[in-house]
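**Student:** Quick one: this structure, given as structure tokens, is what I'll be asking you about.
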Amino acid sequence: MTALLTLEAVKKYFPLRPGLLRRANRYIRAVDGVSLTVAQGEAFGLVGESGSGKTTLARLIPRLTPATDGKVVYAGQDLARASGREVTRLRRQMGIVFQDPASSLNPRATLRKSILRPLELDGIRGSEARERLDATVALVNLGAEVLDRYPHQLSGGQQQRASIARAIVLRPQLLILDEPTSALDVSVQAQILNLLQDLQGEIGLTYLIITHNLAVVRYMSDRIGVMYLGKLVELAPAAQLHARPLHPYTAALLSASPPANPRLRDRKRYPLAGDPPSLIAPPPGCRLHPRCPAAVDRCSREEPQLVLSGPGRQVACHRWEELTLTAVSREDRPLRVHER
């Protein structure tokens, strides 16, 4: 498949202001050398705990936040080095759905005005804009009767449908979904996920799904990337990653997810020790090694690189060939960890 989006060693360091001691050159390493490719028409999921750099990475793609280093190649053009006019043109081919639909919609504008605004900025007005509005509202199953209401007059599901409508009204190629269901009730989450799957088939969208909800990313994604402290530690097809994770951090995330079968509540888990280290001074070597029960001396000295571990799979772990990490699968098998 043709690559729509390619990230090459992308970094984003946020400088810290010097304090009383005037310590210079201190940075928060939010994204630290991430490389991945998203194919045209693919649904790519990005998971990790809070603070892993997922949202920052999503903001680097349309250059809402400028990258410190690396390349962000979209449709063959490097956004990190494109001119302002080129960035504006390429942004029209992208849509973003934010985490909280209530705060992402203008509280002083009706839904009609909010959805029409991207068309106005693109120079589309009059009957063409109204036709596009009607077609988009029908696509997201949003009733025409709510178009003259304000965001606070809508339910959470209606607000999110309106946010999706605004994001796709220009018919983008790429849709970035930043925690698209975290602010919604469980029953509404299922409706929104089904809607997104239908839209992907109907208008040929490519998805980048940012979430910490493993059930959502498993349901929606073709491939999944796992981030930890600004690094990509594993990348695999969704079914393979859930059936047999190769990285200890991925196994820990999966084992922490509640099983559907209540008889497995007391299943063996794969816990990590302590809390994540600071992104200002990450540990040397593998960033997981202070918390990883499988760490050895090499892990504290040498940083693992992403290596091919099978067709379509990559992992950054020195010991991935020695460990067998079996996660909770579709049949809710308990996690088992042992060395070969």
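The values are calculated or read from the model by the stated rules, or taken from the named source; none is laboratory data. Given the structure is predicted, the values throughout are model-derived calculations rather than measurements. Positions of Cβ are generated from backbone atoms using ideal geometry, with glycine treated the same way; all protein chains shown enter the neighbour counts. In case anyone asks, the SASA skips ligands and DNA or RNA and just uses the protein heavy atoms, side chains included. Shrake-Rupley method; radii C 1.70, N 1.55, O 1.52, S 1.80 Å.
**Student:** If a residue must be part of a loop (DSSP other than H, G, I, E, B) and crowded, with 19+ Cβ neighbours inside 10 Å, how many such residues does segment 184-195 contain? Full working, then the answer.
**Tutor:** Taking segment 184-195 first, the residues part of a loop (DSSP other than H, G, I, E, B) are 184-185.
Restricting the remaining residues to those that are crowded, with 19+ Cβ neighbours inside 10 Å gives 184.
Of the residues in segment 184-195, 1 are part of a loop (DSSP other than H, G, I, E, B) and crowded, with 19+ Cβ neighbours inside 10 Å.
**Student:** A further question follows. I'd like the residue in segment 301-317 that is at pLDDT below 95 and of a type in the set (Gly, Ala, Ser) and, out of all such residues, is nearest to residue 239 (Cα to Cα).
**Tutor:** 312
**Student:** So, one more: Go through segment 200-217 and report how many residues are buried (at least 19 other Cβ atoms within 10 Å of the Cβ) and in a helix (DSSP H, G or I).
**Tutor:** Step one: filter segment 200-217 for residues buried (at least 19 other Cβ atoms within 10 Å of the Cβ), giving 205-211, 214, 216-217.
With the extra rule that they be in a helix (DSSP H, G or I), the set shrinks to 214, 216-217.
Total satisfying the criteria: 3.
**Student:** Give segment 52-81 a look and list any residue that's farther than 22 Å from residue 2 by Cα and among the hydrophobic types (A, V, I, L, M, F, W, C), or say none.
**Tutor:** Selection gives 64, 67.
**Student:** Residue 298: in a helix (DSSP H, G or I), of a type in the set (D, E, K, R) and at pLDDT below 90, yes or no? Lay out the reasoning, then the answer.
**Tutor:** Values: in a helix (DSSP H, G or I): yes; of a type in the set (D, E, K, R): yes; at pLDDT below 90: no.
Considered against the rule, which asks whether it is in a helix (DSSP H, G or I), of a type in the set (D, E, K, R) and at pLDDT below 90, residue 298 comes out as no.
**Student:** Going through segment 68-78 one residue at a time, which ones are more than 15 Å from residue 35 (Cα to Cα) and within 21 Å of the chain's Cα centre (by Cα)?
**Tutor:** First, the residues of segment 68-78 that are more than 15 Å from residue 35 (Cα to Cα): 75-77.
Scanning segment 68-78 gives a single hit, 75.
**Student:** Is segment 208-215 home to any residue that is in contact with a helix residue (DSSP H, G or I) (Cβ under 8 Å, 6 or more places away or on another chain) and either free of Cβ contacts under 8 Å to residues at least 60 places away in the same chain or charged (D, E, K, R) (or both)?
**Tutor:** No, there is no match, as no residue in segment 208-215 is in contact with a helix residue (DSSP H, G or I) (Cβ under 8 Å, 6 or more places away or on another chain) and either free of Cβ contacts under 8 Å to residues at least 60 places away in the same chain or charged (D, E, K, R) (or both).
**Student:** Exactly one condition in (1) modelled with pLDDT under 90; (2) in a helix (DSSP H, G or I); (3) open to solvent by less than 10 Å² (accessible area, probe 1.4 Å) is false for residue 181; which is it?
**Tutor:** Going through the list (1) modelled with pLDDT under 90; (2) in a helix (DSSP H, G or I); (3) open to solvent by less than 10 Å² (accessible area, probe 1.4 Å), residue 181 breaks only (2).
**Student:** Which residues, taken from segment 128-149, are open to solvent by less than 80 Å² (accessible area, probe 1.4 Å) and either closer than 20 Å to residue 205 by Cβ or aromatic (Phe, Trp, Tyr) (or both)? I'd like the intermediate steps shown before the answer.
**Tutor:** Step one: of segment 128-149, the residues open to solvent by less than 80 Å² (accessible area, probe 1.4 Å) are 129, 132-133, 135-140, 142-144, 146-147.
Within segment 128-149, 132, 133, 135, 136, 137, 138, 139, 140, 142 qualify.
**Student:** Tell me which residues, restricted to segment 46-59, are farther than 26 Å from residue 82 by Cα and either touching a Cys at 6+ places or on another chain (Cβ under 8 Å) or buried (at least 21 other Cβ atoms within 10 Å of the Cβ) (or both).
**Tutor:** Step one: list which residues in segment 46-59 are farther than 26 Å from residue 82 by Cα, which gives 47-52.
Listed by number, the residues that qualify are 47, 48, 52.
**Student:** Only one of these is of a type outside the set (A, V, I, L, M, F, W, C), open to solvent by 60 Å² or more (accessible area, probe 1.4 Å) and either touching a Pro at 6+ places or on another chain (Cβ under 8 Å) or modelled with pLDDT under 95 (or both): 125, 161, 166. Name it.
**Tutor:** One residue alone meets the criteria, 125.
**Student:** Quick one: how many residues across segment 221-241 are assigned to a helix (DSSP H, G or I) and either open to solvent by 10 Å² or more (accessible area, probe 1.4 Å) or touching a Ser or Thr at 6+ places or on another chain (Cβ under 6 Å) (or both)?
**Tutor:** Of all residues in segment 221-241, those assigned to a helix (DSSP H, G or I) come to 238-241.
Retained after the next criterion (residues that are either open to solvent by 10 Å² or more (accessible area, probe 1.4 Å) or touching a Ser or Thr at 6+ places or on another chain (Cβ under 6 Å) (or both)): 238-240.
Total satisfying the criteria: 3.
**Student:** Out of 214, 264, 254, 272, report the one residue that is at pLDDT below 90 and touching a Lys or Arg at 6+ places or on another chain (Cβ under 6 Å).
**Tutor:** Values: 214 fails: touching a Lys or Arg at 6+ places or on another chain (Cβ under 6 Å); 264 fails: touching a Lys or Arg at 6+ places or on another chain (Cβ under 6 Å); 254 fails: touching a Lys or Arg at 6+ places or on another chain (Cβ under 6 Å).
That would be 272, the only listed residue that is at pLDDT below 90 and touching a Lys or Arg at 6+ places or on another chain (Cβ under 6 Å).
**Student:** Working only within segment 72-93, note down all residues that are in contact (Cβ under 8 Å) with a residue 60 or more places away in the chain and either among the aromatic types (Phe, Trp, Tyr) or on the phi > 0 side of the Ramachandran plot (or both).
**Tutor:** 74, 75
**Student:** May I pose another question? Which of the residues that make up segment 60-113 are outside any helix (DSSP H, G or I), of a type in the set (A, V, I, L, M, F, W, C) and open to solvent by less than 50 Å² (accessible area, probe 1.4 Å)?
**Tutor:** Going residue by residue through segment 60-113, those that are outside any helix (DSSP H, G or I) are 61-78, 82-83, 92-100, 105-110.
Filter once more, so that each one left must be of a type in the set (A, V, I, L, M, F, W, C): 61, 64, 67, 72-73, 75, 82, 94, 96-98, 105, 109.
Listed by number, the residues that qualify are 61, 67, 72, 73, 82, 94, 96, 97, 105, 109.
**Student:** For residue 104, state whether it is touching a residue at least 40 places away in the same chain (Cβ under 8 Å), in contact with a Ser or Thr (Cβ under 8 Å, 6 or more places away or on another chain), of a type in the set (Ser, Thr, Tyr) and within 27 Å of residue 157 (Cβ to Cβ).
**Tutor:** Working: touching a residue at least 40 places away in the same chain (Cβ under 8 Å): yes; in contact with a Ser or Thr (Cβ under 8 Å, 6 or more places away or on another chain): yes; of a type in the set (Ser, Thr, Tyr): yes; within 27 Å of residue 157 (Cβ to Cβ): yes.
Yes, satisfied.
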